[in-house]
Structures are given as structure tokens and as C-alpha cells.
Amino acid sequence: MHEPGTLTWIRGASGSGKSTLLRVISGLQKPSSGTVDLFGNDLWNSSAQSRDKFRAKSMGIVFQDSGVVPCLTIDENLSFAQGLSGDDVTSDDNLSLLAQLGMSEYRGALPHELSGGQRQRAAIATALSKMPQLILADEPTSALDEENAYSVLRYLHSYVKENRAIALVVSHDDRLAQFADRVLEIGG
């Protein structure tokens, strides 16, 4: 359904099931029927531990509520995500990623010390720090001003192209139109 190197914008009215779709695709919520086949793996025909390992290694997930660990600094959040995925990413890689998202000066900050938009960018950095094949993002620009929203979307788009990743982005943000390779409308 989705080719590597594509960013798909999923839109629809509130309550139409967009966030539920991402939870099902991520293996966090069981579908009521059918299968979830990702990269040749049927997620729900495997153990919970296998789903967790697959999610940690292959997916970068950005939740609406940021999803960073509150007691860890931003840099520690990135390292923690990389440790779960088993990736060997350097501190320089983290600094470069944070710089791309305008967050390098906050790498030693705890999440509660950041604004909502900064926490959202930290969550995006955490999701991308482990170089995932699949990015699932739920309203990734909702707390961002215009400049930071464009910066995040440009970076996400270039990440997808350069790494031949797949991004599924749920959003009401019309700015996604210029970055999306395809648009899926849910409900209606």
C-alpha cells in the first residue's frame, strides 16, 4: 500500500478513527477484524513481545501527548529510544538531529522545563533518533508555530526521502499538503 520514501497524510473529521488507525498499525491496539501486515510481519499473529521488539526496532511513533519520558533529559530520551531499538547512534547524530529541529540548546533539559511545542519537537526527535523504517505521527505540528511546523515538516519529508522510510501522518494541518506524496481521507 505504501512505497518506501513516501509520506502519506491521513485526514478526516474528529472522531473518524485516524488516531485509532495509527494505534492499530503500531500494534498497540488490536483490530476488530483483518490483519496488520508490516514489512512481511503479521503483527497480530505474533507474541506481544515480538510486537514490542518490532515496534522498538522499526517504528518511530509520535503521539499527540508528546510521549517523552518525563524524568529523562531530551538527550537521554533519544539515547533511551536508541537503546530500545538496539541501534548504535552517536551523540553527534543526536546533536545533528536536535539542531535540525531547533532543539540543540535544550538537549540537557527535562520535558517539564520545555514549552508544549518544544516537547513536541523533542518527541519527534526521539521517534526519528532510532532511524525507523516506519514513522507514525499523530498531529505532530499541533503545538507548533508556523515557522517550527514548516521546519518539522521539511525535516520529516527529507528524512523519509533520504532513508526510504514510510511516514503516515494524521493531521488537520493543511500545511502537510505540500509535503505529502498521497492524501487519504477517512470518514466523510
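For the range 4-18, enumerate the residues that are crowded, with 18+ Cβ neighbours inside 10 Å and either among the small types (Gly, Ala, Ser) or more than 18 Å from Tyr159 (Cα to Cα) (or both).
Applying the first criterion (crowded, with 18+ Cβ neighbours inside 10 Å) to the range 4-18 yields 7-11, 18.
Within the range 4-18, Ile10, Arg11, Lys18 meet the criteria.
Evaluate the range 104-119: report whether one residue or more is out of contact with any Phe, Trp or Tyr (no Cβ under 7 Å at 6 or more places or on another chain), under 29 Å from Gly17 (Cβ atoms) and either in contact (Cβ under 8 Å) with a residue 60 or more places away in the chain or crowded, with 21+ Cβ neighbours inside 10 Å (or both).
Within the range 104-119 (the criterion being out of contact with any Phe, Trp or Tyr (no Cβ under 7 Å at 6 or more places or on another chain), under 29 Å from Gly17 (Cβ atoms) and either in contact (Cβ under 8 Å) with a residue 60 or more places away in the chain or crowded, with 21+ Cβ neighbours inside 10 Å (or both)), the answer is yes, since at least one residue qualifies.
May I ask you to list the residues in the range 25-36 that are assigned to a loop (DSSP other than H, G, I, E, B) and closer than 19 Å to Leu84 by Cβ?
Across the range 25-36, the qualifying residues are Gly27, Leu28.
Of the residues Asp174, Asp145, Asp92, Asp138, only one is surrounded by 18 or more Cβ atoms within 10 Å (Cβ to Cβ) and among the acidic types (Asp, Glu); which? Spell out how you get there, then give the answer.
Working: Asp174 fails: surrounded by 18 or more Cβ atoms within 10 Å (Cβ to Cβ); Asp145 fails: surrounded by 18 or more Cβ atoms within 10 Å (Cβ to Cβ); Asp92 fails: surrounded by 18 or more Cβ atoms within 10 Å (Cβ to Cβ).
Exactly one of Asp174, Asp145, Asp92, Asp138 is surrounded by 18 or more Cβ atoms within 10 Å (Cβ to Cβ) and among the acidic types (Asp, Glu), namely Asp138.
Which numbered condition trips up Trp9, out of (1) modelled with pLDDT under 90; (2) closer than 21 Å to Asp173 by Cα; (3) in contact with a helix residue (DSSP H, G or I) (Cβ under 7 Å, 6 or more places away or on another chain)?
(1)
Among the residues of the range 145-173, what is the count of those that are within 23 Å of Ser16 (Cα to Cα), at pLDDT 90 or above and not hydroxyl-bearing (Ser, Thr, Tyr)?
So the count comes out to 5.
Would you please list the contacts, defined by Cβ atoms under 7 Å and residues six or more apart or on different chains, that run from a residue in the range 44-69 that is surrounded by fewer than 20 Cβ atoms within 10 Å (Cβ to Cβ) to a residue that is acidic (Asp, Glu)?
Listed pairs, sorted by first residue: Gln64/Asp138; Gln64/Glu139.
Being modelled with pLDDT of 90 or more, in a loop (DSSP other than H, G, I, E, B) and polar (S, T, N, Q), is that true of even one residue in the range 176-186?
No, because not a single residue in the range 176-186 is modelled with pLDDT of 90 or more, in a loop (DSSP other than H, G, I, E, B) and polar (S, T, N, Q).
The values are calculated or read from the model by the stated rules, or taken from the named source; none is laboratory data. This structure is a prediction, so every number in the text was calculated from the model and none was measured. Reconstructed Cβ throughout: ideal geometry from the backbone, glycine too, with neighbour counts over all protein chains shown.
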